[in-house]
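Following: one structure in structure tokens, then a few remarks.
The values are calculated or read from the model by the stated rules, or taken from the named source; none is laboratory data. Since we're looking at a predicted model, the values are computed, not measured. Quick reminder, even Gly has a Cβ in these numbers, built from the backbone with ideal geometry, and neighbours come from all protein chains shown. Please note that ligands, DNA and RNA were not included when accessible areas were found on the heavy atoms of the full protein model with its side chains. Shrake-Rupley method; radii C 1.70, N 1.55, O 1.52, S 1.80 Å.
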Amino acid sequence: MAAGPLLILLLLVVVVSLLTPNFLKPVNVGNIVAQTAVIAIVAIGQHLVILTRGIDLSVGANLALATVVGALVYRVTDSAALVMLAMLLAGAAVGAVNGLVYVFGRLPHPFIITLATLSIARGVALEVAVGHTTMRGMPAEIAVLGGGNLLGIPSSFFVVAGVVAIALIVVRAMVWGRWIYAVGGKPEAAVQMGIPVKWVLVSVYVISGLCAGVGAIVLAGRTEAGSPLYGNLLELDTIAAVIIGGASFLGGRGHIGHALVGAVMIGIIRNALNLLNVDAFFQMIAIGLIIVLAVEADVLRNHLEAKVRVLQAGRAP
């Protein structure tokens, strides 16, 4: 794992702490962790999708729908296990639709189907939500998971740590993880090697949907509610986190830890702008500019690496 994104994060922490003395106070650090948890969890799924040269624009609407499904199930039963299962299944279902339609519908790019499900999932969430708005109430266990503390640390931190640990094991210790990098790096070569490319692609969208479901559990627990309005622009935050973390839209390159670092950067930037009383609309502009700079950095990096490879090939005997 390259140290570049981590060094940038440390530099960002130093700069922000100099700009506002309240930044490093324990209460504020806890707020950053709690507010960043959802972005970090969903960014892990987005990261896997981007590794395969794809994109998932539906994660925010998917998360909103999952919270609404959870709230509806809670009206029938107070079982935390069933409510969480409902949210996970809702997220995975949207992810499965994305993957299956993209792969077996032979669409030219996942942008098309995930843009469609962004609208569809948000519309379904608005339609089925009681009163078409926020639905209050969640099981106590979910409330603790999303908004509680353990030893002074937000419980959501441990959820993020668990998701990251599982993702690292799957990507680094399983053949499936190597297949993801192979499919994203050289799709034609992956086919020739006998890798089940189609099912690898479907799987990453299902995982992205599952991560949206986990994010829904955390957000619903923190707010003790489900709402069709949740997750607005979450797709922007997760894409920004992955790209800022050093992954490439060209696929096949990136580390799970980088996506986590990128998510923390987004949280710190947002928190710093709030502490500095910067207008909320400017925050949207700032995140957009950061995405542009990160993508340009990726383009420049690929260009320089291509030049280096040419020079190395020219020097080879």
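Compactness of the range 201-244 was expressed as the Cα radius of gyration divided by 2.2 N^0.38 Å, which yields 1.27.
Within the shell defined by Cβ-Cβ distances under 11 Å, the residues around residue 212 carry a net charge of -2, with Lys and Arg each +1 and Asp and Glu each -1.
When the chain is described by a simple charge dipole with +1 on each Lys and Arg Cβ and -1 on each Asp and Glu Cβ, the residue from 274, 16, 138 located farthest towards its positive end is 16.
The residues of the chain expose, per residue, 47 Å² of accessible area to a 1.4 Å probe.
For residue 186, the aspartates and glutamates whose Cα comes closer than 19 Å to its Cα, not counting residues fewer than 8 places off in the same chain, are 298, 305. Tell me, how many Å apart are the Cα centres for the range 170-217 and for the range 274-288? Between the Cα centres of the range 170-217 and the range 274-288 lies a distance of 35 Å. Shape class for the chain, computed from the alpha carbon gyration tensor (a ≥ b ≥ c): oblate, with a/c not under 1.5 and a/b at or below b/c.
Fully extending the segment from residue 307 to residue 136 would add 55.9 nm, taking 0.36 nm per residue of separation and subtracting the current Cα-Cα distance. Only Cα pairs under 8 Å and 6+ residues apart enter the sum, and on that basis the relative contact order of the chain stands at 32 percent. Once the convex hull of all Cα atoms in the range 1-118 is built, its volume per residue stands at 160 Å³. Across the range 190-317, the mean sequence separation of Cα contacts (distance under 8 Å, 6 or more residues apart), normalised by length, yields a relative contact order of 18 percent. Across 260, 234, 168, mean-square fluctuation computed from a Gaussian network of the chain (C-alpha pairs under 10 Å connected) peaks at 168.
Its DSSP H runs of at least 4 residues, each contributing -39,500 (n - 2.57), put the calculated 222 nm mean residue ellipticity of the chain at -25500 deg cm²/dmol, to the nearest 500. Within straight-line reach of residue 198, meaning a Cα separation under 15 Å, sit the following aspartates and glutamates at least 8 residues removed in sequence or on another chain: 188. Apolar share of the accessible surface for the chain: 72 percent from carbon plus sulfur atoms, 1.4 Å probe.
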